[in-house]
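Beneath this line is the structure, given in C-alpha cells, with notes to follow.
Any read-out appearing in this document is the output of simple, stated calculations on the displayed coordinates, not a laboratory observation. Computed from a predicted structure; not experimentally measured. Neighbour counts are summed over all protein chains in view; Cβ atoms, including those assigned to glycine, are modelled from backbone coordinates with ideal geometry.
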Amino acid sequence: MSNYLSQSWLIDRRHALRAMGTFISLPFLECMIPLRAAEQQSATPRRSAFIYLANGVHSLNYQITTPGKDYEFSRSLKPLEKHRDVITPISGLHHPGAISHHHNCISVWLTGGKLGPSDRNTISVDQKMAQVTAQHTRYPSMEIALTQGSLAWTADGVQLPALRRCSEIFASLFEEPKGGIAAQRRALRRKASVLDDNLAEVSRLEQKMGAADKGRLDQYLTSVREAEIRTRRADAWLDTPLPAISDADRKRTDRDIAATMAGDYFRTVYDLMVLAFQTDVTRVATFSLGGEGDAFAIPEIGITESRHQLSHHGGDAGYIEKLTNYDTFAIEQFSYFLSRLSETKDVNGQPLLGSTMALFGSGMSYGHSHGNANLPLVLAGGSDLGLKHGSHLDFNKDAKSFQGYAIGADGALTSSHYQLCSRPVNPDAHMSNLLLLMAQRMGVETDTFGDSNKVIEV
C-alpha cells in the first residue's frame, strides 16, 4: 500500500533543507477536496487492480491463435474459460521503451516510460488513477509485492514501497495505529510542520538558483507537495471510524502464510484486495508476484526451481512443462480473484467485478530469449465502466507483415513463434494505449499516457 506514513517520500539526506520556521500554504488542489465529498458521490465507485507475472510465459502453451469471439483457450489460459464473458485476452502489445531492456521491463509495465541509463521513470497508471480516486478513500492505493519493489511509481519517478506479509497488509488497512489516534495525529502534524518549513526554505533558495537547479528543485517540490497532501488527508481520516470486518473475513485474511504455500498466499492477498475494494478503503491496487530475477518456487505443485530458472529452460522438456504448470497455476489464482470479485457485493450492493478492471500480465513475453514484444495480457471486469468482453483482441493480425501464427502438423505452435515475442510485428501497438483506456474509464481526464499513440477500445 502506498504508505505516506513511511519515509518513502523523503529526499536523500544530502538534499535535506534546514527548517526556517516560515509557513507556505499550498494552492487549492482537486485532490484536497474535503473527505465529505465522498458522501455526496452518487456514481458507482470505479476500481482497478494490476497483477504482474515475472519472466513472461511459455508462449507455445499460452498463445491464443484465433482473433475475435470464436477463439479457443490455450492450455495455460484454460482456468479462465469460465470467465469468458468478462475477460479479454490481448496479444501483440509492447512497450517501445522496454524492447531489449529485459529484466527492467517490470519498472515500466505500468508507466510506459523509457529504460535508458539517463532516463527517469514516469508516473504509473495506478497512481494516475489514485489522483482521481484518493479524495473518496482512506488510502490512495495499496501496493503488494512478493519480492522486490512495487509496480507503482510517483509523478517524479520514485518507486513506492510494497507490503508483503498478509497480517501486515491487514493491519495497515483495518486496524488502529499503534499508540492510538492521538499519537498518530501528533506524528502527522510534526511531519506536516517539517514539510511546511522545507517549502519555506525552498522559496528563499529558488531566487538564487540557475535553470538546471530549478529543474531538480521542481522534482523535489513535487515530492514535498504530494507528501503534504497525503499527510493532511491522513490526518482528516483519523476522525472516520475504520470499517467493521466480520470474523470470517478477519480469520481468512489476518494471518501469515508459509512461503511453501504459494496458492494459499496468492488467494489470501486476493481476498485482502477484494476486502479493501468492498469496504472502499481504496480503489486502486497493485500486486507483483515477484521480480524478474527472483520469482519464487511453488513446491506444493512440485516446482522447486525459481520462475527465473525455469524461464531459461534451454529446451529442457521437464523445465518447459514446469514453466507451463507455473503459468497455469498463476492464472488459476487470478481466476479465483475474478470469482471473488463476482460474488462479492460493493457498498451499493452490486458485484465488485462490474465496477473493477483487473489487468493480469507481464512486461516480458518469453523469458528464455528475454523477449519484450507480444506481451501476455488479460483484461477483466469493468462492464459497469463500459468494457465489453468475450473476444481475443489480437494486434498482431493488424500488421501487414504478420503471416499468421506458426502452427505445426499436430496443431501446436512451432518455435518460430518466438520471433513474435522478440520484436513487435505491429510497431504501433503500444501497451500504453491499453493503459490510457483504463485511465480514462477510471475518470482520468487525459488524451495521452506514457508513450500512447491512440486509445484501445474494449
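Quick notes on this structure:
- For the peptides 287-296, 47-56, the ranking by mean Cβ contacts within 10 Å, running from highest to lowest, is 47-56, 287-296.
- The order of the peptides 68-79, 327-338, 250-261 by mean Cβ neighbours within 10 Å, most packed first, is 327-338, 68-79, 250-261.
- The local environment of Leu393, defined by Cβ-Cβ distances under 13 Å, has a net charge of 0 under the rule Lys, Arg +1 and Asp, Glu -1.
- Fewest-first sequence of Lys114, Lys82 by Cβ atoms within 10 Å of each Cβ: Lys82, Lys114
- Entries of Lys400/Lys454; Lys251/Lys322; Lys388/Lys454 with Cα pairs more than 24 Å apart: Lys251/Lys322
- Amide H to amide H distances under 5 Å link Ala406 with Thr414, His417, where only residues 5 or more positions off or on other chains count and H is placed in the peptide plane.
- The 3J(HN,Hα) values that the Karplus relation (6.51, -1.76, 1.60; θ = phi - 60°) gives for the range 87-97 are, in residue order, 10, 9, x, 10, 10, x, 8, 7, 9, x, x Hz. Gly and Pro appear as x.
- A simple packing score, the average count of other Cβ atoms within 10 Å per residue, orders the peptides 155-166, 438-449 as 155-166, 438-449, with the highest score first.
- The range 293-323 residues near the modelled Ala258 label - backbone nitrogen below 17 Å, point 7 Å along Cα→Cβ: 297-305
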